[in-house]
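To start, the structure itself, in structure tokens.
The values are calculated or read from the model by the stated rules, or taken from the named source; none is laboratory data. In this text, all values refer to a predicted model and were calculated from it rather than measured experimentally. Cβ placement follows ideal geometry from the backbone for every residue including glycine, while neighbour counts extend to all protein chains displayed.
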Amino acid sequence: MERSVPIRAVSRSIAVLKCINRHGSLPLMEIARHVNLPYPTTFRIIQTLVLEGLLECEPTRKHYRATQLVQTLSVGYRETGNLLLRTRPHMQALTRRINWPISLATHVGQTMMVRDSTHRETSLSFCNYEPGYTLPMLECASGHVYLAHIPDSDRLSLLGGLEAIDRRSHMLEMFKGEKLVRRIREDGYATCDRNPHSAVPGKTSSIAVPLFEGDRVAGALTLIFFSTAMSMAEALKRYVDELKSVGRSISLELRHDQITAQDSMVFPQPGHVRHRESGQKTMLN
């Protein structure tokens with residue numbers, strides 16, 4: 001990566017947008033505190049984003065919130081397959097059985113992003129994690145299980161990017177080797193005790209299993225529980241088999257969808273004959 005990358009002003013602006021996405025409408029002083037930037041720097045970033053139309057100041061108080069224009073940033077993005085559609089019913093059913101919240105996260109850049117969760121559907125949760133909430137890949141169970149199940153070349157490339165942006169860490173070095181990766185693959189899950197980067201740092205722990213779309217890991221299904229409610233060993237004894245079973249069921253459904261989609265491309269629908277050379281369709285009467 002080039003020496004001039006990352007551009008600090010761009011990184012800070014993105015941090016401000018992420019902060020407002022996580023916490024909702026906030027006063028400028030709170031934004032500065034959350035992103036750990038000086039007040040004048042935060043003020044300039046906010047004013048720039050307001051001029052660009054991505055943020056607006058509430059008319060009745062000096063709180064800043066995102067505008068609908070931010071949605072245009074994702075116009076070119078499409079979810080892969082039926083991941084959300086297939087995962088949602090299983091998440092709800094599992095939360096009804098065990099009461100703890102479940103989240104679905106996928107890889108975005110150097111983070112794992114929450115795509116869906118059942119935090120609102122149980123009282124056993126400190127916060128409601130809305131879609132778009134991001135977690136550092138090396139410091140969450142979903143990130144660990146994702147890193148362990150992607151091809152080795154992809155993992156090393158991703159770790160190289162993380163190392164270029166952030167300082168070297170013990171966890172980064174562990175994922176460069178094979179021992180931790182092999183253990184997670186053999187166990188079929190990853191854990192994070194007393195999550196350091198949740199909305200309530202240190203108060204929750206998590207267990208994550210991979211979700212596959214064919215041979216490709218598509219995301220991670222994570223169970224979150226209060227750290228004071230039980231130890232990680234007890235949580236694994238109670239829930240890991242069921243969590244892995246749900247993960248396998250979702251992966252089977254995604255695989256079935258993938259095969260069905262491939263078959264529909266190979267075999268023409270009734271009433272049509274596809275000519276391979278010309279690519280034209282002819283109606284059968």
Exercise. Hey, could you check region 39-53 for residues that are more than 15 Å from S11 (Cβ to Cβ) and modelled with pLDDT of 90 or more and say which is surrounded by the most Cβ atoms within 10 Å (Cβ to Cβ)?
Key: I46
Self-check item: Count of region 172-218 residues which are out of contact with any strand residue (DSSP E or B) (no Cβ under 9 Å at 6 or more places or on another chain) and crowded, with 18+ Cβ neighbours inside 10 Å
Solution: 2
Practice problem: Considering every residue within region 248-256, establish whether at least one is farther than 27 Å from T134 by Cβ and at pLDDT below 95. | Solution: yes
Quiz item: Looking only at residues in region 131-154 that are among the hydrophobic types (A, V, I, L, M, F, W, C) and assigned to a helix (DSSP H, G or I), which one is surrounded by the most Cβ atoms within 10 Å (Cβ to Cβ)?
Solution: V145
Practice problem: Report, ordered by the first and then the second residue, all pairs with beta carbons closer than 8 Å, sequence separation of six or more or different chains, a first member in region 189-206 that is in the same structural domain as E234 (by TED's automatic domain parsing), and a second member that is part of a loop (DSSP other than H, G, I, E, B) and among the β-branched types (V, I, T). | Solution: K203/T228
Quiz item: Pairs, please: C-beta under 9 Å, at least 6 apart or cross-chain, first residue free of Cβ contacts under 8 Å to residues at least 12 places away in the same chain and not assigned by TED's automatic domain parsing to the domain that holds S169 and in region 127-147, second buried (at least 24 other Cβ atoms within 10 Å of the Cβ) and not aliphatic (A, V, I, L, M)?
Solution: none
Quiz prompt | Matching option when the condition is at pLDDT below 95, among the small types (G, A, S) and not in a loop (DSSP other than H, G, I, E, B), among S157, S205 | solution = S157
Quiz item: Taking region 257-283, which residues are of a type in the set (V, I, T) and at pLDDT below 55?
Solution: V273, T282
